[in-house]
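Below: one structure, written as structure tokens.
Every number in this text was worked out from the coordinates using simple rules, so none of it is lab data. Since the structure is predicted, the reported quantities are computational estimates derived from the model, not experimental observations. Don't worry about glycine lacking a Cβ; one is built from the backbone with ideal geometry, like all the others, and counts go over all protein chains shown.
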Amino acid sequence: MAYTPGKMILRKEFVWNDSFWTPDGLGADLALWLDAADASTVTLNGSNVSQWNDKSGNGINLSQATAAFQPTYVTDLLNGKSGVRSDGSDDKLIAATGFAAESVMVFMVERWLEWITNTSKASNLWHTDLPVFGTTNFGMRKEIYNDEMDTRISDSGNAGTTFLTGQNSANTLNIANICASQFNRATSIGNGFFNGNVIAGETITNIPPSFGGRFSLFVGFGEFANPPRHANAEIFETVVVSAVLSTADRQKVEGYLAWKWGLVANLPVSHPYKIKPPVK
């Protein structure tokens, strides 16, 4: 409490400590965890990121040997914590290994700096692919067309496949958000989540009876496409889960990210971690 003559100011302070819940509480379901606030996980080439190590214990490290394609590591970027910035041109980080999963959920604290206005392509902030049979590939990706956030699930080897999922036109440039996407293989339903709010799911059609369940590629910025698509954006933390999470566990991840990155105001009033963070 600070005092000035004629005025009383009450200030609520929050200090992160080891008693709070973290993604390693997800156990074996945690497939990938990238945390830009943990400088020990980031290998730098000057101010560029040549490698971003996975904290999940699964060794799905993202790397980029070509200096021109390396994103930038920026300190004190979001509420006193560091982040990784892509230039929107050719930056990309690639994982050489993948993980096994029939269902998957991706959380990301992100901030877009520029929209793509060319409707023939989109900016991709993350992209996963897994080989199926023949030339068929089933993938999830996060795209932006103008200010419309679109998480898509598609089967690139099947022209009849519909796309998923939630779109949220409230996304705003230069504002950090907590975004998540989920694909449930058992129900063929895809859902999006935006700052703890559920975006209506859609049924994905034309999915092969089994697509092998091997996510073989994670691209942190951009996508291998023709032409390539790259995001002008910043990533602060990414949590990938190789399972369908319960609502309670999903909200734990959202609460953890919100309190850690100073984004509690983004959560809806009804969120269980609006007032206090999840604890162990």
Amide proton proximity set for Ala233, modelled H, under 5 Å, gap of 5+: Ser86, Gly88, Leu113
When each of Lys252/Lys280; Lys55/Lys274; Lys81/Lys252 is checked by Cα-Cα distance, pairs over 18 Å: Lys55/Lys274; Lys81/Lys252
Lys274 paired with Thr247, simple spin-label distance in nm, labels 7 Å along Cα-to-beta-carbon: 1.5 nm
Length released on extending from Asp90 to Ala28, taking residue separation times 0.36 nm less the Cα-Cα span: 19.0 nm
Estimated FRET transfer efficiency (Thr97, Ala68; beta-carbon r; R0 25 Å; 0.05): 0.55
